[in-house]
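*Asks:* Can you keep this structure in mind? I'll have questions shortly.
Any read-out appearing in this document is the output of simple, stated calculations on the displayed coordinates, not a laboratory observation. Fair warning: this is a prediction, and the values are worked out from it, not measured in the lab. Here the Cβ is made from the backbone with ideal geometry for all residues, glycine too, and neighbour counts use every protein chain on show.
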Amino acid sequence: MQHDPDRAFVPLNFERRPEDEMLRRAREFYAEMDRRRTTRHFSDRAVPRELIEHAIRTAGTAPSGAHQQPWTFVVVGDAGMKRIMREAAEEEERANYGGRMPPEWLHALAPLGTDAVKEHITTAPWVVVLFRQRHGVNADGSQRTHYYSTESCGIAAGLFIAAVHRMGLATLTHTPSPMGFLSELLQRPANEKPFLLMPVGYPAADARVPDLSRKPLDEISAWFE
Ligand code: IYR
């Protein structure tokens, strides 16, 4: 590696723990994350802005290609903007559910109970739209390549979802398709592409989730020991 001697390195601030404590923490974190569920049913109860700020800060700790941090989190709490976003998303989704998605896709979605109605966009107090910066823009307006921006944004989204769950709120990963209308509505620059829309709030008192189970460890891993 070509190490640039002018770039500072600092000691890693790493906390060593006894193995029994590591195992306890690993179990506790898994148990907490395994309680996370995606629900489509949100309460309109207000959520302090500071909580969303913290979820975004946590997402921003994600590793990224060449540490380029190729993400912008656009946060919408404005009721009028949420209504316009919902209308635009529902228009696209009506086309999707009404024939643009092939039968195989509709069949795969059937157990999740999704449809073209996107009530969560107007009900949840906050809608966070994660934009992926396809490339950076230098001070002179020229383009700077961003490496692995899709993977980077996926990791950041995962941390955002974990942060939201950990603080006691719910979110939903929604990918209205196509999503281009969000760039225009939210006035994003041309280098940014909408990646994921995540309403954040309390689940509704009568929130329901599909009766799903998760694949066990042996189905999601392969080991060479
Ligand atoms: N974008 C549509 C369809 C949809 C697709 C997948 I893959 C899902 O897991 C859920 C929905 C929608 O948001 O309804």
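*Asks:* Search the range 52-96 for residues being among the polar types (S, T, N, Q) and in a helix (DSSP H, G or I), and hand back the single one that is nearest to L169 (Cα to Cα).
*Replies:* Only one residue fits best here, namely T58.
*Asks:* So how many residues does the range 187-202 have that are assigned to a loop (DSSP other than H, G, I, E, B) and under 18 Å from W71 (Cα atoms)?
*Replies:* Residues meeting the conditions: 5.
*Asks:* Go through the range 63-96 and report how many residues are touching a strand residue (DSSP E or B) at 6+ places or on another chain (Cβ under 8 Å) and closer than 18 Å to V200 by Cβ.
*Replies:* Qualifying residue count, the range 63-96: 10.
*Asks:* Something else: Being in contact (Cβ under 8 Å) with a residue 12 or more places away in the chain, touching a Lys or Arg at 6+ places or on another chain (Cβ under 9 Å) and surrounded by fewer than 10 Cβ atoms within 10 Å (Cβ to Cβ), is that true of even one residue in the range 211-222?
*Replies:* Yes, because at least one residue in the range 211-222 is in contact (Cβ under 8 Å) with a residue 12 or more places away in the chain, touching a Lys or Arg at 6+ places or on another chain (Cβ under 9 Å) and surrounded by fewer than 10 Cβ atoms within 10 Å (Cβ to Cβ).
*Asks:* How do the pairs read when you match residues in the range 14-30 that are more than 21 Å from M167 (Cβ to Cβ) with residues anywhere that are among the basic types (K, R), using Cβ under 8 Å and keeping only pairs 6 or more apart or on different chains?
*Replies:* Filtered contacts from the range 14-30: R17/R25.
*Asks:* Here is a further query. Criterion first (assigned to a loop (DSSP other than H, G, I, E, B) and closer than 30 Å to G141 by Cα) does A205 satisfy it?
*Replies:* So A205 fails the test.
*Asks:* I've got another one for you. Under 8 Å between Cβ atoms, which residue pairs at least 6 apart in sequence (or on different chains) link something in the range 64-92 that is over 10 Å from V127 (Cα atoms) with a partner that is aromatic (F, W, Y) and within 16 Å of the ligand (Cβ to nearest atom)?
*Replies:* W71/F195; A88/F181; A89/F181; E92/F181
*Asks:* Please go through the range 78-105 and pick out each residue that is within 9 Å of the ligand (Cβ to nearest atom) and surrounded by 14 or more Cβ atoms within 10 Å (Cβ to Cβ).
*Replies:* A89, E92, E93, N96, Y97, M101
*Asks:* Just need a number here: residues in the range 171-221 that are more than 20 Å from the chain's Cα centre (by Cα) and among the β-branched types (V, I, T).
*Replies:* Here the count works out to 1.
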